[in-house]
Amino acid sequence: IASSGDGAPAQAAEMRKDAGSKDADGARQSQGQQRRGFSEPWYVRSGSARLQRRIETVSMPFMKSKMTLQTEHAQSIFERANKLWEEAMITLSVTMRNFKPEDQCLVVDAEADRILEECVKRLETEQKRLVTLAESNGIDIDGDFQIEYTLPRTYEANITSPRETRFHKMIRDFDSFCMLMDALWMMKLVTDRARAVTFYQIKRTILITCGR
């Protein structure tokens, strides 16, 4: 008993050490989850602040854009990704050329276009797959169904670079894809699981594209 009592302080210290280690591991895991959840790292926030200062002090061209999105999936993607994409594209199109040679800028431009094109092609492939499914079941996707939504939302945005126009078109195409998916799901041609997994995968692809 005496031996057990003498070892109690050391045991308590060891437990506190383990607890502290677990807290540190949890913090690192939380940071990792935030990164995987597309939270903004410090350098993105710093770049955003510089861009905002530029917008406030320099007269920059822009075009107003308005679009109505029917589905919650397209709405959530636009709300999460539009600002990030806007800042990244204006940095590529305008800011980068103030401090990088043009040959390097062209390399970055080409890579940005390639990444966006990969995402667009993925969406087009999934759209064609659904059209094929509908046609193989004798469904005219332009006339055999009318699907409506309870809470469509209209968004207004200022387009400050050409690539933003492509991004907005991709979001509208994604909204149309979601509507087709919902229609085929209502007709029992798509299972609950297939619908949920497909939405998740494409949304993840779009978010990763914006984060890159």
Greater than 18 Å separation of Cα atoms is the criterion. Which listed pairs, K169/K203; K83/K203; K83/K169; K66/K169; K121/K203; K66/K203, meet it?
K66/K203
Could you tell me the accessible area of D113 in Å² (1.4 Å probe, neighbours in place), rounded to the nearest ten?
60
Listed residues H73, H168 arranged by accessible area, highest first, probe 1.4 Å
H73, H168
Within the range 96-192, trypsin sites (Lys or Arg not before Pro) in DSSP loop having at most 15 other beta-carbon neighbours inside 10 Å:
K188
Quick one: net charge around K66, please, counting Lys, Arg +1 and Asp, Glu -1 for every other residue with C-beta under 13 Å from its C-beta.
+2
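The values are calculated or read from the model by the stated rules, or taken from the named source; none is laboratory data. Please read these numbers as outputs of a predicted model, since none were measured by experiment. Here Cβ is always computed from backbone atoms with ideal geometry, including for glycine, and neighbour counts include all displayed protein chains. Calculation scope for accessible area: heavy atoms of the full protein, side chains included, ligands and nucleic acids excluded. Shrake-Rupley method; radii C 1.70, N 1.55, O 1.52, S 1.80 Å.
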